[in-house]
Amino acid sequence: MTLAPDRDVAAALRGSRLFAELPEGDIDDLAATSRTVELAPGEVLMAEGAPPEAMYVVLDWELEVTRKVGVSDVLLNVCGPGELLGELGIAHRRPRSATVRARTPGRVQRIGAEALDRLLTHPRSARAVLLAATRRLDREEGLVRQHERMAALGALSAGLLHELNNPASAVQRGAARLRALLSGAAGAEQPLQPLVGAVPVPEDPLARADAERALGDTLASAGVDRSWESAPALVRLGVDPADLDRALAELPPDQRGPSVRGLARSAEVTALLEEISAGADQLSRIVTGVRPLAYSSDQALTDVDVRASLEQALVLLRHKVPPGVRVVRDFDPQVGFVQGWPADLALVWTNLLDNALAAVGPEGTVTVRTRSEDDSVVVDIENTGPTVPPEVLAKAFDAFFTTKPVGQGTGLGLATSLAVVAQKHRGRLTLSSADGVTRARVVLPRHR
């Protein structure tokens, strides 16, 4: 860190809304008595826990604000030109509550503590200082609270994932083995097994009823009692009535009923096995989707498969999709990977999809679209429904702002997502709404 010689920074100070209302003489005095501090990338301007000595106005480039929460450094904010730093420590005479370091080569103006008294004597400047401070406190409090909540959830989930994954894998293996055993035994003991799959299963209810009637008549003419009970199962197996008639004619009368009921019973067992296997597969997909969130504190910067990350979020939120809502996937195969933190991006997708599903209503469409654009990746999450008013869009990223009923929203989802995308991944997150379509757009650089 170097202190540059005196230079005229009055124009830079006037460009900040914090100093815009000060008289020209006061601004000239601040410029004359303050110093420009030049920072190298990664250099610390203020360290968490250090005593407050001055406040700073950012002149150019970006500085990031982090706070230690447990063993993790939580990114609270990225400050740009015109923003004031360190005034709360001066006002309260408390140690610094966060660490501020330069992301790029940058300059800040170091202003002595006495300047705060001068600012507060001018109502508009005092109001600007108060608004900046309260907004920053709201944002930082929300992000820290969200991080602590996710850390607690992650610690709990890590143990649950292990307990869930083992039995899910056992169920999958057991279902596959049982299916193989039944398949092997069916051919030797079931003379009607070759009839399965001879014709397609009708999808139309009327066509299905006609097929059941035809098979029921065939069974009845062959002397099979309670034929109406077995006919629906034979339709689901794709049995042709003419083939069934010939096969039953070759069997002794006393074996026809047991053979038909055995085939129907085998079909029911197979359907149950498929249902068990599908449930175990879904449980495994949920475990896979939650794993990045559970082990978020252990994750470092890595290559993230954008499509797989979005699919995991869709799996986690499948239970929230109303029956009348259609989820459309429009994935560009060229998108591939971006450098990032898997857990953080999973949180962003989950927040944006949750908002889209809440806004779409009982009927409509939610579209998840990706595309490659130069050296970046664009992800759009859209939902049909009422257009969001401009005044709501303007506040959408404010911490604790929510349009959901009390108890259903924290107002931190979009604020946290913006911090993850814009600050941690150096991307862009925008929200737009027009003509009955609301779109959340995330633009991520492929490399940081």
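The values are calculated or read from the model by the stated rules, or taken from the named source; none is laboratory data. In this text the structure is predicted, and so the values were computed from the model without any measurement. Heads up, the Cβs are rebuilt from the backbone with ideal geometry, glycines too, and the neighbour counts pull from every protein chain shown. Surface accessibility is based on the protein's heavy atoms, side chains included, excluding ligands, DNA and RNA. Shrake-Rupley method; radii C 1.70, N 1.55, O 1.52, S 1.80 Å.
Just one residue in the set Arg261, Arg173, Arg179 is closer than 27 Å to Ser284 by Cβ and in contact with a Ser or Thr (Cβ under 9 Å, 6 or more places away or on another chain); that residue is Arg179. Looking only at the stretch 374-386, residues that are on the phi < 0 side of the Ramachandran plot and either at pLDDT 95 or above or surrounded by 13 or more Cβ atoms within 10 Å (Cβ to Cβ) (or both) come to 9 in all. Pairs linking a residue in the stretch 309-338 that is open to solvent by 70 Å² or more (accessible area, probe 1.4 Å) to a residue that is among the acidic types (Asp, Glu), with Cβ atoms under 8 Å and 6 or more positions apart or on different chains, are Lys320/Asp354; Phe337/Asp303; Phe337/Asp305.
Within the option set Gly49, Gly80, being closer than 21 Å to Lys424 by Cβ and either open to solvent by 40 Å² or more (accessible area, probe 1.4 Å) or not basic (Lys, Arg) (or both) holds for one residue only, Gly80.
Taking every residue in the stretch 191-202 that is farther than 17 Å from Val260 by Cα and touching a residue at least 12 places away in the same chain (Cβ under 8 Å) and pairing it with any residue that is open to solvent by less than 70 Å² (accessible area, probe 1.4 Å) and part of a helix (DSSP H, G or I), at least 6 positions away or on another chain, the pairs with Cβ-Cβ distances below 8 Å are Val201/Val235; Pro202/Ala211; Pro202/Val235.
Among what's in the stretch 345-375 and is touching a Lys or Arg at 6+ places or on another chain (Cβ under 6 Å) and not hydrophobic (A, V, I, L, M, F, W, C), pick the residue that is nearest to Thr438 (Cα to Cα). Out of the qualifying residues, it is Thr365. All of (1) charged (D, E, K, R); (2) open to solvent by 40 Å² or more (accessible area, probe 1.4 Å); (3) in contact with a strand residue (DSSP E or B) (Cβ under 9 Å, 6 or more places away or on another chain) hold for Lys395 with one exception: (3). The single condition from (1) over 42 Å from the mean Cα position of the chain (by Cα); (2) surrounded by fewer than 17 Cβ atoms within 10 Å (Cβ to Cβ); (3) touching a residue at least 12 places away in the same chain (Cβ under 8 Å) that Arg246 fails is (3).
Among the residues of this structure, Leu219 counts as one that is in a helix (DSSP H, G or I), touching a residue at least 40 places away in the same chain (Cβ under 8 Å), hydrophobic (A, V, I, L, M, F, W, C) and open to solvent by less than 40 Å² (accessible area, probe 1.4 Å). If the condition is being assigned to a strand (DSSP E or B) and basic (Lys, Arg), then the stretch 305-335 contributes Arg326, Arg329. Criterion first (within 52 Å of the chain's Cα centre (by Cα), in contact (Cβ under 8 Å) with a residue 60 or more places away in the chain and buried (at least 19 other Cβ atoms within 10 Å of the Cβ)) does Leu263 satisfy it? So Leu263 passes the test. Every condition in (1) modelled with pLDDT under 85; (2) under 39 Å from the mean Cα position of the chain (by Cα); (3) surrounded by fewer than 15 Cβ atoms within 10 Å (Cβ to Cβ); (4) of a type in the set (Asp, Glu) is met by Glu140 except one, and the failing one is (3).
The residues in the stretch 192-211 that are under 13 Å from Ala242 (Cα atoms) and either assigned to a helix (DSSP H, G or I) or open to solvent by 70 Å² or more (accessible area, probe 1.4 Å) (or both) can be counted, and the count is 2.
Among the residues of the stretch 402-448, which ones are modelled with pLDDT under 80 and touching a strand residue (DSSP E or B) at 6+ places or on another chain (Cβ under 9 Å)? Listed by number, the residues that qualify are Ala419, Gln423, Arg448.
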